[in-house]
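**Q** So that we are looking at the same thing, I have put the structure below in structure tokens.
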Amino acid sequence: MFDGLETAAEGDGLVWRVDGVQSGDMLNIRSGPGVTFTIVAKLENGVGDIRMTGEKVMNGKDDWVPVSFPGGKGWTRPRYLKCQSSADSKPPDILLVQAFSADAQYACKSRLGFEAVGIDDPSEEATMKTVITRNGRLLATVEDSRPVSFSPDGRILLLAEAAPDDDCRHFLLNIAAGEYQKDWEKWRKWKIGSRYHNKARWSADSKAVTLMADEDVGISMQTYNVAKYCLPAEPDR
């Protein structure tokens with residue numbers, strides 16, 4: 001697949017944590033096996049729940065291994081991974097994700113410091129997932145979705161479904177209140193809009209959101225009472 005690369009042994013299925021990175025630095029997770037590939041995440045010393053997902057690869061003198069970690073996957077140098085026990089790793093919420101970029105197709109920021117970005121998901125059941133962070137710290141990953149926009153007060157995130165076999169409707173999450181997922185068995189209670197709605201407009205007080213479609217589609221705009229479709233407001237965390 002990659003010119004000049006030699007494969008070595010495959011990952012053994014153990015759970016690993018970051019170890020040996022210099023103080024003040026972080027371990028780069030890249031999109032491919034080499035320093036020329038894009039950095040998709042940065043992990044602090046002690047971050048655990050890392051798993052090797054395939055064969056080790058030699059790129060010149062450097063060895064690389066594909067890994068998965070809470071919130072994503074990529075490639076990294078195995079020399080900075082140490083087999084972990086259940087008691088010697090930090091919780092996964094200290095993972096620092098560096099997936100946000102100005103040219104991301106689906107990305108938005110909140111005035112409260114929350115950020116959401118849509119990341120391509122090559123699995124069979126989804127085309128994109130939304131990674132939500134605050135000040136660089138991972139809060140949640142929402143499968144089968146892409147972010148649309150935050151409310152003016154920065155608390156509520158509007159998302160659209162991204163799975164190819166559904167109606168691509170929208171839903172709301174009160175991120176400031178700690179709501180990161182929906183109960184999919186009760187989808188009729190919280191899904192709004194339709195697959196044809198591709199624009200959103202919030203009221204100034206963040207209490208209502210209007211979904212709109214292109215004029216040639218012939219679908220009318222629909223306005224929703226935000227409080228009805230997400231958790232009640234709570235003091236900011």
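**Q** Show the residues, 5+ positions off or on another chain, whose built amide H is closer than 5 Å to the amide H of LEU139.
**A** Here ILE132, THR133, ARG134 satisfy the definition.
**Q** Taking 0.36 nm per intervening residue step and subtracting the Cα-Cα distance, what contour gain separates THR223 from ILE39 on full extension?
**A** 62.3 nm
**Q** VAL15's amide H: which non-local residues (gap 5+, or another chain) put their own amide H closer than 5 Å, with H modeled 1.01 Å from N in plane and none for Pro or chain starts?
**A** It is GLN84, by chain and number.
**Q** For THR210, THR76, what's the fewest-to-most ordering of other Cβ within 10 Å of each Cβ?
**A** So the residues, fewest neighbours to most, are THR210, THR76.
**Q** How much length, in nm to one decimal, is gained on full extension between ARG134 and LYS109, taken as 0.36 nm per residue of separation minus their Cα-Cα distance?
**A** Using 0.36 nm per residue and subtracting the Cα-Cα distance, I get 8.1 nm.
**Q** If r is the Cβ-Cβ distance from ASN198 to ASP120 and R0 is 25 Å, what FRET efficiency results, to the nearest 0.05? Provide the component values of the computation, followed by the final result.
**A** Numbers: r = 19 Å, r/R0 = 0.76.
My answer for the efficiency is 0.85.
**Q** Sort 57-69, 21-33 by the packing proxy (mean of other Cβ within 10 Å over each peptide's residues), most packed first. It would help to have the intermediate numbers written out before the result.
**A** Numbers: 57-69: 17.0, 21-33: 15.2.
Ranking, from highest mean packing down: 57-69, 21-33.
**Q** Continuing with the same structure: Would you mind checking the pairs LYS129/LYS199; LYS109/LYS189; LYS182/LYS207; LYS129/LYS191 and listing those with alpha carbons more than 23 angstrom apart? Numbers along the way, then the final one.
**A** Numbers: LYS129/LYS199 19 Å; LYS109/LYS189 26 Å; LYS182/LYS207 20 Å; LYS129/LYS191 17 Å.
Result: LYS109/LYS189 exceed 23 Å.
**Q** Now, a different point. Among TYR80, TYR229, which comes first, then next, by fewest other beta-carbon atoms within 10 Å? Intermediate results must be reported in sequence, preceding the final value.
**A** Numbers: TYR80 17, TYR229 20.
Ranking TYR80, TYR229 by Cβ neighbours within 10 Å, fewest first, gives TYR80, TYR229.
**Q** When CYS83, CYS230 are ordered from fewest to most other Cβ atoms inside 10 Å of their Cβ, what list results? List each step's numbers first, then the result.
**A** Numbers: CYS83 11, CYS230 21.
Ordered by Cβ neighbours within 10 Å, fewest first: CYS83, CYS230.
**Q** Using a 7 Å offset from the Cα along the Cα-to-Cβ direction at both ARG51 and ARG188, what is the distance between the two label points in nm, to one decimal?
**A** Taking the two extended label points, one gets 3.5 nm.
Coordinate-derived values only; no laboratory data. Worth saying up front: this structure is predicted, and the values here are computed from it rather than measured. Cβ sites come from the backbone with ideal geometry, for glycine too, and all protein chains shown count toward neighbours.
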